[in-house]
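A short worksheet on the structure shown next.
The values are calculated or read from the model by the stated rules, or taken from the named source; none is laboratory data. These numbers come from a predicted model, not from an experiment. Neighbour counts are summed over all protein chains in view; Cβ atoms, including those assigned to glycine, are modelled from backbone coordinates with ideal geometry.
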Amino acid sequence: MRCQQWGYWMGRFLLGAVFIYAAILKISSPQDFADSIAAYQILPIVVINPFALGLPFFELVCGLLVLTGFFLRVGVLGILSMLIIFIVALAASLLRGLSINCGCFGMHSWFDSNPWIALLRDACLLVISILIYRYHLTEAEAANRLSPLISD
């Protein structure tokens, strides 16, 4: 059981830290992030700038929620949603043969230079998110089962 708890806490720390770090980089360089979004050729041009300005703040909030545990489920579900969208966008761009920089950690990040590595990274983060969510639900169910025993 201790191994699961350790993995849960480490997963929360990793997931929250990754999304907070990525958000800060995007917030500090919104034009580069907008250029990355445009390279995917998925969104209409009129939506790119608002998306590039809004998404990093959503990432920041979700990362903080996961890291602090405050509204943890909301934060994890937000991150799960983003990761699914990121994976679909990356896969679509790879299938179309586009040469893109993911844009997740800034335009000049070695971590984003290979879209296959970015896809693998996002898939790993998705698995971590699912495990955190499932563990949290299991713990919440256990607490609910114990609450009648405690209040009696």
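Key figures
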{"read-out": "Listing of helices (runs of 4 or more DSSP H) fully contained in the range 1-83 that carry 2 or more residues being free of Cβ contacts under 8 Å to residues at least 60 places away in the same chain and farther than 23 Å from P115 by Cβ", "value": "2-28, 45-68"}
{"read-out": "Residue satisfying condition, being under 27 Å from Q5 (Cβ atoms) and either surrounded by fewer than 12 Cβ atoms within 10 Å (Cβ to Cβ) or modelled with pLDDT under 85 (or both), within set L125, L137", "value": "L137"}
{"read-out": "The range 115-135 residues that are farther than 12 Å from L83 by Cβ and without any contact (Cβ under 8 Å) to a residue 40 or more places away in the chain, paired with ones that are of a type in the set (F, W, Y) and surrounded by 13 or more Cβ atoms within 10 Å (Cβ to Cβ) (beta carbon under 8 Å, 6 or more apart)", "value": "I117/F111"}
{"read-out": "Residues satisfying the stated conditions in the range 91-112, i.e. modelled with pLDDT under 85, assigned to a loop (DSSP other than H, G, I, E, B) and either surrounded by 14 or more Cβ atoms within 10 Å (Cβ to Cβ) or not polar (S, T, N, Q) (or both)", "value": "L98, I100, N101, C102, G103, F105, M107, H108, S109, W110, F111, D112"}
{"read-out": "Qualifying positions in the range 1-41 - of a type in the set (D, E, K, R) and surrounded by 15 or more Cβ atoms within 10 Å (Cβ to Cβ)", "value": "R12, K26, D32, D35"}
